[in-house]
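Below: the structure, in structure tokens.
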Amino acid sequence: MKLALVGGGGHCRSCIDVARSAGLPLGGIVDPAPEAQMLGLPRLGDDAWLETPEARAFQYLVTVGQIDASVVRRRLFDRLREKKLDCATMIAASAIVSTEAALGAGTIVMHRAVVNAGAVVGVNCIVNTGAIIEHDARIGDHCHVSTGATVNGGATVGEGCMIGSGAIVLQGITIAAGVVVGAGAVITKNIGEAGTWIGVPARKTS
């Protein structure tokens, strides 16, 4: 079954590359912009196309990126679920995902990322280029673990979080839903409420 990518833009281009590296068949892009054609893929239509009989012949991935809040990615994923459309899981050929790890529907593991044994990653997540999810870590739904970030063993990241590029979540730490961890930050203690954390060790800024 071919993949339809929901949402154009830079992250979509990266996802196309990942899909091709994994040998996955691509069908096209769903996007409201008429010019949303990229890297040789056609635009299938806008959101209304999801109502057509043809839409049932595809699997889907949300390919809008996530900076800070997960609102847009979550809304698009929920729309696919409401329409009972099948959401795929995609793993780059160069990524390493343990056979003892679990990935939710709609999750994308990018180039050279690692998801180790016992880790659980929720639905509609991005594990971006070079990110590491260590053994027995838990990543909630609609999270983005950015390029080069590390979530260490036994840590728990709540729903809708953004872990910035190069950030480190130390072993066993728990992070509440909706937290944004800035690039390069080191989380050394549990975070119990939504907010933005930056620095080494990380401190709340908002």
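Just to be sure before I move on: is residue 103 under 27 Å from residue 145 (Cβ atoms) and assigned by TED's automatic domain parsing to the domain that holds residue 157 in the structure I sent? So residue 103 fits the description; yes.
Scan region 2-21 and tell me whether some residue there is out of contact with any strand residue (DSSP E or B) (no Cβ under 8 Å at 6 or more places or on another chain) and farther than 19 Å from residue 129 by Cα. No, that holds for no residue. Answer with yes or no whether residue 74 is in contact (Cβ under 8 Å) with a residue 24 or more places away in the chain, part of a helix (DSSP H, G or I) and either touching a His at 6+ places or on another chain (Cβ under 8 Å) or surrounded by 12 or more Cβ atoms within 10 Å (Cβ to Cβ) (or both). Against the criterion (in contact (Cβ under 8 Å) with a residue 24 or more places away in the chain, part of a helix (DSSP H, G or I) and either touching a His at 6+ places or on another chain (Cβ under 8 Å) or surrounded by 12 or more Cβ atoms within 10 Å (Cβ to Cβ) (or both)), residue 74 qualifies. Taking the numbered list (1) surrounded by fewer than 20 Cβ atoms within 10 Å (Cβ to Cβ); (2) in a strand (DSSP E or B) in turn, residue 13 passes all entries but (2). Scanning region 153-181 for residues that are surrounded by fewer than 19 Cβ atoms within 10 Å (Cβ to Cβ) and either more than 19 Å from residue 124 (Cβ to Cβ) or in the same structural domain as residue 67 (by TED's automatic domain parsing) (or both) returns 153, 154, 165, 166, 170, 171, 172, 174. Scanning region 18-34 for residues that are assigned to a helix (DSSP H, G or I) and either surrounded by 16 or more Cβ atoms within 10 Å (Cβ to Cβ) or in contact (Cβ under 8 Å) with a residue 40 or more places away in the chain (or both) yields 18, 19, 21. Of the residues in region 38-55, not one is on the phi < 0 side of the Ramachandran plot, in contact with a Pro (Cβ under 9 Å, 6 or more places away or on another chain) and crowded, with 20+ Cβ neighbours inside 10 Å. Total residues in region 60-94 satisfying the condition of being of a type in the set (A, V, I, L, M, F, W, C), farther than 16 Å from residue 4 by Cα and at pLDDT 95 or above: the figure is 2.
The number of residues in region 106-149 that are assigned to a loop (DSSP other than H, G, I, E, B) and either of a type in the set (Val, Ile, Thr) or in the same structural domain as residue 10 (by TED's automatic domain parsing) (or both) comes to 4. Among the residues of region 39-60, the one identified as touching a Gly at 6+ places or on another chain (Cβ under 6 Å) and either in the same structural domain as residue 128 (by TED's automatic domain parsing) or within 30 Å of residue 165 (Cβ to Cβ) (or both) is 41.
The values are calculated or read from the model by the stated rules, or taken from the named source; none is laboratory data. Quick caveat: nothing in here was measured; it's all calculated off a predicted structure. Positions of Cβ are generated from backbone atoms using ideal geometry, with glycine treated the same way; all protein chains shown enter the neighbour counts.
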